[in-house]
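A.B. asks: The structure under discussion is supplied below as structure tokens; questions concerning it will follow.
The values are calculated or read from the model by the stated rules, or taken from the named source; none is laboratory data. These numbers come from a predicted model, not from an experiment. As a convention, Cβ positions derive from the backbone with ideal geometry for all residues, glycine included, and neighbour counts pool all protein chains shown. Quick note on the areas: whole protein, heavy atoms, side chains included, nothing else; ligands and nucleic acids left out. Shrake-Rupley method; radii C 1.70, N 1.55, O 1.52, S 1.80 Å.
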Amino acid sequence: MSVPLHHPGYDEDRVQLLMEKLPCRETQIGTLLALMGEPEQYCYPSIFIYGHRATGKSHVTQGLLRELELPHAVVSCVECVSAGILFEQVLLAFFGSSSTDSLPRNPFLSDFVRIYRQLCGQFPATQTRYIVLDKAELLRDMDANLLPGFLRLQELVEDNLTVILLSEIVWDKFRPNTGCYEPLLLHFPNYSKVELQQILAWDTHPSYSPELYSSYINILLGVFFSVCRDLRELRHLAALNFQKFCEPLEAGEAKEKDSHKLWRNIEPHLKKAMQTVYLRDVCSVQWEEAQSEEREVADLKGFSVHDHVELPYYSKYLLIAAYLASYNPARTDRRFFLKHHGKIKKTNFLKKHEKTSNHLLGPKPFPLDRLLAIFYSVVDSRVAPTASVFAQISSLVTLQLLTLMSHDDQLDAPKYKCAISSLVTLQLLTLMSHDDQLDAPKYKCAVSLDFIRAISRTVGFDILRYLYDFL
Amino acid sequence: MGGVSFPREHGGGVKAWARGRWEEVLTVRGAAAAQSGELSCLMKRAPADDPARGAPHGLGSHTDSRKEAVFIMSKRKAKDINLTAGECLSEVQRLLRERLCHQHLPIGPVGMESQYKHLLELLKRTAVHGESNSVLIVGPRGAGKTMLLNLVLKELMEVDEAKKNILLVRLNGLLQTDDRIALKEITRQLNLENVVGDKVFGSFAENLVFLLEALKKGDRSSSRPVLFTLDEFDLFAHHKNQTLLYNLLDISQSAQTPVAVVGLTCRLDVLELLEKRVKSRFSHRQIHLLSTMDFQSFLCSVELQLSLPPDFLDRRFSEDWNAGVKALCKDKSAEAVLKKHFNSSKDFRSLNMLLMLALSRVTVSNPAIRPTDLLEASRLCTSDAKANILHGLSILELCLVIAMKHLNDIYDGEPFNFQMVHNEFKKFIQRKSHSVHNFEKPVVVKAFEHLQELELIKPMDGSTARSQKVYQLVKLMLDHTQIMEALQKYPQCPTDVKQWAASAFG
């Protein structure tokens, strides 16, 4: 779409400045300005702008309204725990500090509209007023009349008013059951790779040439572009890794022209960054520290809680037993855990028509009895579970017992219960029982394969041999 | 406090008078007869009331702005009649935007003449003869229900007798979300809040009693008729016990103060929502606004909507413009666009949106609406939002969507979990992919979560709430064809991904 260059009613220098300030959004600015018309002309009652994160929805809208000095109120719906706060912010922005005095404590939309009309009668709009509602998808969770009300607010308050909604979610997901006033939809497309390159190359490092930074950005995009198109995230990653990129330059091992060498140096780091920083597994400070100390990133990987859970011996076995019970069909228990299981034909046992493995479908619930049976058979029989061991466990467990589930108190074995309930509280096991099944509580194992393999390695147990899916 | 005339002798402290009056009412039960005189005073027909109250609010602002415009026009006319192109266009924009974006009333009811006549007749009977009535205007969104009502009211207010007498109460289901708020709003709009005064009595029941008394005390000949308009009528049916509807319709049934209740709704089944006792009090008069417009009259209304009035400042320009609009409606490609639009929706509002988008492209360098503008506007209007969102996904996310599409094909639309999607994706990587790398699982999980944030996939609620994230069952909210079409237009899509999407099974 061609960009209309001339926008009557607005200072041309300012528009020009705006275009320069908001690069690669010229088309969107042009469309918006054309829609808005001259400041005192009417604009469409409600405009819905959607697009992915960091495509400049808020930035462009707010920048436009601010730079052109149009009367506007910007409200982020995340901040509005109640509708009252929303109303208050709008009134404050348009009519000054005394306007909210007459707003009752828990205002309804009707109160807002009434007060707005009153104030609007006193201070009629000379220019179109704009209400910008950022993160508008949250409006859906508020009162049901709020979203349709805002969409036709112009009609309700009879003022020269336009409501602009910004969201990442498409309009179809907003439409109430009985329909509402349809807003004008406007899409902000993603920045293309070229545009991203252009924008990211804006923030150069003072001590290096812009060309170097630009080539660095090129490498960065080569790694991350297929995964992430979020400008904000890419920018963060770029800032974080630039130091590493420059290391060979500082050490004098390479010159700015040795692009291949620089690339070879940085690429593995970027790949590692994708597995940690991008996932927010580690905070960027930790990452930078690790980078400077040349530590293996593999050490870093385990900052998530699951990799650091230290469990008592029997709890480990209980967890292993729970995992086996969750992922193996019950009919295979005989084959795995009985020493003299008689003859089971292998062809019979491995029913090949069961194509989808349990590791695709997820864990199945199992009763406590089965868990205990498997537990007895897998745990090393020489270390018979004694009361003292369990006492030790339970005393250890009491430290976390604060969130013990209340309705499994009918278990027969209170000592196991403690160990098990600690697993439940750690969210490694999920209690499945309903209130009507107090006698036979059901559990589900809630840990991943990697985790259980790590656990079983610590006790010298080869879990893969006992898993039906891996036979 | 113009609307209801208070007896002069009580002069000074209206509030004090009211309080005294109402304490009396509250304490002396059954003394209704005693104060009936006072009450009916409140609703007495005013001989020649102050003019400010005459026009119902809502129409006032329109007339004002128009007066102002006329004033400016006449002032300019005196100076010069040939404006520059820029000035003309800005005037055109102002005029047309008022039409398209603000509920500026058209000159006459186009395509709904019979409904217009019917409603006007009905309301006139209330306004002039004091007959009570109730009517529902039913029509789809954007069909012009409010416009019809406003047109009728405008015409009604031109009748002298009606203008003097009628009291207008406008309620909207979106604003008056329960009967208490609605009642307060009614009191406010009847300018009775001085009499009610929050401190005198504030409870819902007392307010209702007061209003009902006020409305019931009147009779056909001596009371001012009250016109209630209920926008989003169906929402009022959700109020507790439908108290408000019951009382309003009850009054409209009995020979008390003349009351007209006009409900606007887009629900055809609105009568089913009413309780039996409410339903039996409704007159069952419905005005349907189901557009029977054919394409020719649709074209006419487009032309009417865009052409300038004869009193436009610069005659030469307005003639040019109107000729341009006429040519536009005759143009083949523009007609095709309008035909397409007509076939998908006939309502005024979506047409206004289309024309507004086209109008916004009019500038000095492009001083008329060209067919291409219309084409571009229709492209903007009809663009598939989900496809737009799909175009902004990263390659990895797109691959996941394709994997889900395949799962949908294999399992016939059954819900699936992340693990299955990942498995499908891994199969693709191992077998066919050249351009897509093997990503670590957490990275894929993150991409999956992003899709969920965008509500392209939706978790199935219920039993799965407590299971691990990777095993939570989800459903794809996209259509097979939608994905394929989006893929065709996806910028720089790797061919192997395209082929994978097109292949029948994973």
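A.B. asks: Treat each spin label as a single point 7 Å out from the Cα along the C-beta direction, and report the residue A:259 to residue B:336 distance in nm.
C.D. replies: Between residue A:259 and residue B:336, the simple spin-label model gives 4.5 nm.
A.B. asks: Right, next: For the residue pair residue A:465 and residue A:250, what label-to-label distance in nm results when each label sits 7 Å from Cα along the Cα-to-beta-carbon direction?
C.D. replies: That separation, rounded to one decimal, is 5.1 nm.
A.B. asks: Measure up B:446/B:475; B:427/B:469; A:57/B:432 against 27 Å on the Cα-Cα distance and list the ones that go over.
C.D. replies: Listed pairs above 27 Å: A:57/B:432.
A.B. asks: A further question on this structure: From the phi angles alone, apply the Karplus equation (6.51, -1.76, 1.60; θ = phi - 60°) to segment A:228-244 and give each ³J(HN,Hα) in whole Hz, x where the residue is Gly or Pro.
C.D. replies: Calculated HN-Hα couplings, in order: 9, 10, 7, 4, 5, 5, 4, 5, 4, 5, 5, 5, 6, 9, 5, 4, 5 Hz.
A.B. asks: Moving to a separate point now. Determine the distance separating the Cα centre of segment B:313-332 from the Cα centre of segment B:374-449; give it in Å without decimals.
C.D. replies: Cα centroid of segment B:313-332 versus Cα centroid of segment B:374-449: 49 Å apart.
A.B. asks: Counting only the heavy atoms of the protein chains, how much of residue B:330 is accessible to a 1.4 Å probe, in Å² to the nearest 10?
C.D. replies: Per-residue accessible area (residue B:330): approximately 140 Å².
A.B. asks: Using amide H atoms built 1.01 Å from N in the peptide plane, name the residues 5+ places from residue B:474, or on other chains, whose amide H lies under 5 Å from its own.
C.D. replies: The list, which skips near neighbours in sequence, is B:416, B:417, B:460.
A.B. asks: What does the buried accessible surface come to for A and B, summed over both chains, with the probe at 1.4 Å? Round to 100 Å². Don't jump to the answer; show the numbers that get you there.
C.D. replies: Working: alone 25360 and 26060 Å², together 45290 Å².
In total, chains A and B hide about 6100 Å² from solvent.
A.B. asks: Arranged from highest to lowest average of other beta-carbon atoms within 10 Å per residue, in what order do the peptides A:163-171, A:228-236 appear?
C.D. replies: Top of the packing list down: A:163-171, A:228-236.
A.B. asks: Is the shape of segment B:295-382 best called rounded, prolate or oblate, per the rule: a/c under 1.5 gives rounded, else a/b larger than b/c gives prolate, else oblate, with a ≥ b ≥ c the square roots of the Cα gyration tensor eigenvalues? Write down the numbers at each step before the final one.
C.D. replies: Working: a/c = 1.86, a/b = 1.49, b/c = 1.25.
Cα axes put segment B:295-382 in the prolate bin.
A.B. asks: Sticking with this one: Could you check how much of the accessible area of segment B:113-288 is carbon and sulfur, as a whole percent, using a 1.4 Å probe?
C.D. replies: On the way: 3110 of 6530 Å².
Using a 1.4 Å probe with all protein chains present, segment B:113-288 comes out at 48 percent carbon and sulfur.
A.B. asks: Okay, next question. What is the spin-label model distance, in nm, from residue A:454 to residue A:140 if the labels are put 7 Å beyond Cα along the C-beta direction?
C.D. replies: According to this spin-label approximation, the distance is 3.6 nm.
A.B. asks: Select from segment A:155-182 all residues whose loss of accessible area on going from the chain by itself to the full protein assembly reaches 40 Å² or more (probe 1.4 Å).
C.D. replies: The answer is A:155, A:156, A:158, A:168, A:169, A:170, A:173, A:178, A:181 - residues whose exposure falls by at least 40 Å² when every protein chain is included.
A.B. asks: Another one. Grab the Cα-Cα distance for residue B:452 and residue B:384, subtract it from 0.36 nm times how many residues apart they are, and report the gain in nm with one decimal.
C.D. replies: 22.6 nm
A.B. asks: Cα-based Rg of segment B:317-362 per 2.2 N^0.38 Å, rounded to two decimals? Don't jump to the answer; show the numbers that get you there.
C.D. replies: Values: Rg = 11.5 Å, N = 46, 2.2 N^0.38 = 9.4 Å.
Scaled against compact globular proteins, the figure is 1.22.
A.B. asks: Also: In terms of modelled amide H atoms, which long-range or inter-chain residues lie less than 5 Å from the amide H of residue A:76?
C.D. replies: Residues meeting the amide H criterion: A:134.
A.B. asks: Okay, moving on. Quick one: what are the phi-derived ³J(HN,Hα) couplings along segment A:140-156, Karplus 6.51/-1.76/1.60 with θ = phi - 60°, whole Hz, x for glycine and proline?
C.D. replies: Computed from phi, the couplings for segment A:140-156 are 5, 7, 7, 3, 5, 8, 6, 5, x, x, 5, 5, 10, 4, 4, 6, 6 Hz.
A.B. asks: Mind checking the alpha-carbon convex hull of segment A:12-188 and giving the volume per residue in Å³? Walk me through the intermediate numbers first.
C.D. replies: On the way: hull volume 19.6 nm³, N = 177.
Residue-normalised Cα hull volume stands at 111 Å³.
A.B. asks: Loop only by DSSP, 14 or fewer other Cβ within 10 Å of the Cβ. Give me the GluC sites (Glu not before Pro) in segment A:52-135 that pass, ordered by residue number. Mind showing how you got there, number by number?
C.D. replies: Numbers: sites: A:67, A:69, A:79, A:88; in loops: A:69.
Loop-located and lightly packed - A:69.
A.B. asks: Here's a follow-up. When you count, for each residue, the other Cβ atoms within 10 Å and take the mean per peptide, how do A:275-286, A:37-48, B:261-272 rank with the highest first?
C.D. replies: Details: A:275-286: 16.5, A:37-48: 21.6, B:261-272: 19.1.
Answer by packing, highest mean first, reads A:37-48, B:261-272, A:275-286.
A.B. asks: Moving on. Run through segment A:45-114 and list the trypsin sites (Lys or Arg not before Pro) located in a DSSP loop whose Cβ has at most 13 other Cβ atoms within 10 Å.
C.D. replies: Details: sites: A:53, A:57, A:66, A:105, A:114; in loops: A:53, A:105.
Those satisfying the criteria are A:105.
A.B. asks: What FRET efficiency comes out for residue B:366 versus residue B:141 if R0 is 25 angstrom and r is the Cβ-Cβ distance? Round to the nearest 0.05. Can you show the working numbers first?
C.D. replies: Numbers: r = 32 Å, r/R0 = 1.29.
With R0 = 25 Å, the Cβ-Cβ based efficiency is 0.20.
A.B. asks: Using each residue's phi in segment B:142-150, evaluate 6.51 cos²θ - 1.76 cosθ + 1.60 at θ = phi - 60° and report the 3J(HN,Hα) Karplus result to the nearest Hz, with x for Gly and Pro.
C.D. replies: x, 7, x, 5, 5, 4, 4, 4, 5
A.B. asks: Compute the whole-percent fraction of alpha carbon pairs in segment B:385-425 spaced more than 14 Å apart. Kindly include the intermediate steps, with their values, before the conclusion.
C.D. replies: Working: 397 of 820 pairs.
That fraction is 48 percent.
A.B. asks: Continuing with this model, one more query. Could you order peptides A:208-218, B:171-181, A:454-464 by the average number of other Cβ atoms within 10 Å of their residues, highest first? Walk me through the numbers on the way to the answer.
C.D. replies: On the way: A:208-218: 16.9, B:171-181: 22.2, A:454-464: 14.6.
By packing density, highest mean first, the sequence is B:171-181, A:208-218, A:454-464.
A.B. asks: What is the mean number of Cβ atoms from other protein chains located within 10 Å of the Cβ atom of each residue in peptide B:360-368, rounded to a whole number? The partial results should precede the final answer.
C.D. replies: On the way: counts 11, 7, 2, 6, 3, 3, 3, 0, 0.
If you average over the peptide's residues, the count of other-chain Cβ atoms is 4.
A.B. asks: Across peptide A:32-42, what mean number of C-beta atoms from other chains lies inside 10 Å of a residue's C-beta? Spell out each step's value before the answer.
C.D. replies: On the way: counts 1, 1, 6, 7, 1, 9, 5, 0, 2, 10, 11.
Mean partner-chain Cβ count within 10 Å for A:32-42: 5.
A.B. asks: Also: Below 14 angstrom from the Cβ of residue A:262, what's the summed charge of the other residues (Lys, Arg +1; Asp, Glu -1)?
C.D. replies: Numbers: positive: A:244, A:255, A:257, A:261, A:264; negative: A:211, A:247, A:250, A:253, A:256, A:258, A:267.
So the environment of residue A:262 carries a net charge of -2.
A.B. asks: Related question: Cα extents of segment B:387-504 along the three principal axes, largest first, in whole Å?
C.D. replies: Computed over the Cα atoms, the extents are 40, 27, 25 Å.
A.B. asks: I would also like to ask the following. Peptide B:385-395: average number of partner chain Cβ atoms within 10 Å per residue? Show your work: numbers first, answer last.
C.D. replies: Values: counts 9, 4, 2, 9, 9, 0, 4, 11, 3, 9, 4.
Other-chain Cβ atoms within 10 Å of each residue's Cβ, averaged: 6.
A.B. asks: With the convex hull built on the Cα atoms of segment A:122-276, state its orientation-averaged projected area in nm². List each step's numbers first, then the result.
C.D. replies: Numbers: hull surface 56.0 nm².
That works out to 14.0 nm², a quarter of the Cα hull's surface.
A.B. asks: Roughly speaking, what is the stretch gain from residue B:343 to residue B:485, that is 0.36 nm per residue apart minus the C-alpha to C-alpha distance, in nm to one decimal?
C.D. replies: On the way: separation 142, 0.36 × 142 = 51.12 nm, distance 2.23 nm.
Difference between extended and current length: 48.9 nm.
A.B. asks: DSSP loop trypsin sites (Lys or Arg not before Pro) in segment B:412-458 with at most 16 other Cβ atoms within 10 Å of their Cβ, which ones?
C.D. replies: Filter output for segment B:412-458: B:432.
A.B. asks: By the gyration tensor of its Cα atoms, with a ≥ b ≥ c the square roots of the eigenvalues, what is the shape of segment B:234-316: rounded for a/c under 1.5, prolate for a/b over b/c, or oblate? Numbers along the way, then the final one.
C.D. replies: Details: a/c = 3.49, a/b = 2.33, b/c = 1.50.
Note, shape of segment B:234-316 comes out prolate.
A.B. asks: Here's something else I'd like to know. Search the structure for amide H atoms under 5 Å from the amide H of residue A:130, placed 1.01 Å from N in the peptide plane, and list their residues when 5 or more places away or on another chain.
C.D. replies: Excluding prolines and chain starts, which carry no amide H, the hits are A:72, A:73, A:162.
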